[in-house]
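Everything on this sheet refers to the single structure shown next.
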Amino acid sequence: MIERIAILGTGLLGTSAGLALRAAGFRGSIAGWNRGADGAQKALAMGAIDSIAADALQAARESQIVLLAVPIYATLDWMEQLAPVLGPEHLVTDVGSTKLQITASAGRLYNAPDRAAFLPGHPMAGKERGGATLGDANLFRGAVWLFTDDPSWQRSPASAALARDWRKLVVAMGSKTLDLDAARHDELVGWVSHLPQFVATALSALLEEEVGDAPELKDVGGRALREMTRLGASPYSMWRDIAYTNTEAVERSLHALEQRLAHLRENLRTPGLRDEFEQANRFRQE
C-alpha cells in the first residue's frame, strides 16, 4: 500500500498529479521538490504537496514512490542519481513525453530484484503553458496514461506491488492506462502529439512574421486561428528535450507533412483537393 510519495518537479504535471492524487482520495504524504523554490511554494499553497523537500535524494529515500515530473534530460539525470541510493522497496516513475531513452536507462539502472523498480510513464495530458499555478486536479481525467513497461524486467515483490498500486492510483486519478513498446510509443506520439506542436509553432511564427503587426488581426482572426495556433504558445523549454530525443520520428512526420502540403498546393484547382478533404473527413469520423 502506498503511503509516501515524492514528486520531483512541481510544475504543471507534478502539481496536477499532487492535486489529482488528493482528489482521488490519497491520504498518504506527498513531499515536493522543485529546482525553483517559487514553484514548490505555489504547489504547497495549492495543496498539491504537504511539504517541501530541501534534499531531493533524501525525500526520495523516505518515500515509496518517486514521481519524476521534470524535462526528459533532467529525468535521465535523476535516474542516474537515484539508482544508487534507492532499493527494492522503492518505485520510480516519470511523465516524460518520449520513452526510448528513458526505458533503456530503466533497464540498465533499475528493475532487478536487488534494485528499485522504474515504471516509464507518459500521461497524454497537458497545457500549452507550464508552471505550478496552472496545476489542475482534473488534468488527467479522461486522458490516456501510457506505460512502456518491459515484461522481461525482474522486480522485487515489494517494488512490483508498488508498480501495481501506482497503476491503480493513475486510474483513480481518472486516466485510462495503455501499455506500449517504447519504440512504438515514440513513433506514435511523433505523429499525434509532436507533429501538431511543431506545425502550430511554425504556423504561429509564420503569422507573426507576415501579419503579426496588422491592427486588424484580432478582429479578422477567429476560432480557426485560435485553435490552430493555441499550441504555438508552448515555450521552447518544454519542447527542446522532446525534439532532441525523438528527432527521427519528428523528422519523418514533418517531411511527410511537407510532401502533403506540396500535394495540396499543386491541386488547389483539381479534384485532388476534394479527395484530400474527403480523406481528412474520414479521419475525423473514425
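The values are calculated or read from the model by the stated rules, or taken from the named source; none is laboratory data. Everything numeric in this text was worked out from a predicted model, so none of it was measured. Every residue, glycine as well, gets a Cβ built from its backbone with ideal geometry; the counts of neighbours run over all protein chains shown. With ligands, DNA and RNA removed, areas are computed over all heavy atoms of the protein, side chains included. Shrake-Rupley method; radii C 1.70, N 1.55, O 1.52, S 1.80 Å.
For this structure, a couple of remarks:
- Cα-based radius of gyration of segment 78-157 once divided by 2.2 N^0.38 Å, which approximates compact folds: 1.23
- Dimensions of segment 1-131 based on its C-alpha atoms, expressed as ranges along the principal axes with the largest first, amount to 37, 30, 26 Å.
- Modelled FRET efficiency - R0 45 Å, Met1 with Ala233, Cβ distances, 0.05 increments: 0.65
- At an R0 of 30 angstrom, the distance between the Cβ atoms of Leu254 and Val171 translates into a FRET efficiency of 0.30.
- Distance distribution note for segment 6-58: the fraction of Cα pairs above 14 angstrom is 38%.
- Scanning residues 5 or more positions from Ser51 or on other chains, those with amide H under 5 Å from its amide H are Ile30, Gly32, with H placed 1.01 Å from N in the peptide plane.
- Sorted from longest to shortest, the spans of the Cα atoms of segment 164-221 along the three principal axes equal 55, 27, 13 Å.
- Centroid-to-centroid separation of segment 1-78 and segment 95-121 [C-alpha atoms, Å]: 19
- The angle between the Cα long axis of helix 236-245 and the longest principal axis of the Cα atoms of the chain comes to about 80 degrees, rounded to the nearest 10.
- Two-site label geometry, Ser152 and Leu188: point separation in nm, points 7 Å out along Cα→Cβ: 2.1
- Averaged per residue, the chain has 53 square angstrom of accessible surface, using a 1.4 angstrom probe with ligands and nucleic acids left out.
- Size of the chain as Cα extents on the principal axes (Å, biggest first): 65, 42, 30
- Helix 100-109 and the longest principal axis of the Cα set of the chain meet at an angle near 10°.
- Annotation for Glu210 and Arg282: the two label points, set 7 Å from Cα along the Cα-Cβ direction, are 2.9 nm apart.
- Share of carbon and sulfur in the accessible heavy-atom surface of segment 238-286 [1.4 Å probe, %]: 53
- Across the accessible surface of segment 169-221, with the other protein chains kept in place and a 1.4 Å probe, carbon and sulfur atoms take up 60 percent.
- Pairwise inverse Cα distances across segment 174-261, averaged and inverted, put the Kirkwood hydrodynamic radius at 14.8 Å.
- Order by protection proxy (mean Cβ within 10 Å, highest first), peptides 64-72, 225-233, 132-140, 261-269: 64-72, 132-140, 225-233, 261-269
- Amide H partners (placed H, <5 Å) of Asp136, local residues excluded: Ser16
- Reach of Lys176 by Cα under 18 Å, taken over aspartates and glutamates that are not fewer than 8 positions away in the same chain: Asp94, Asp136, Asp149, Asp165
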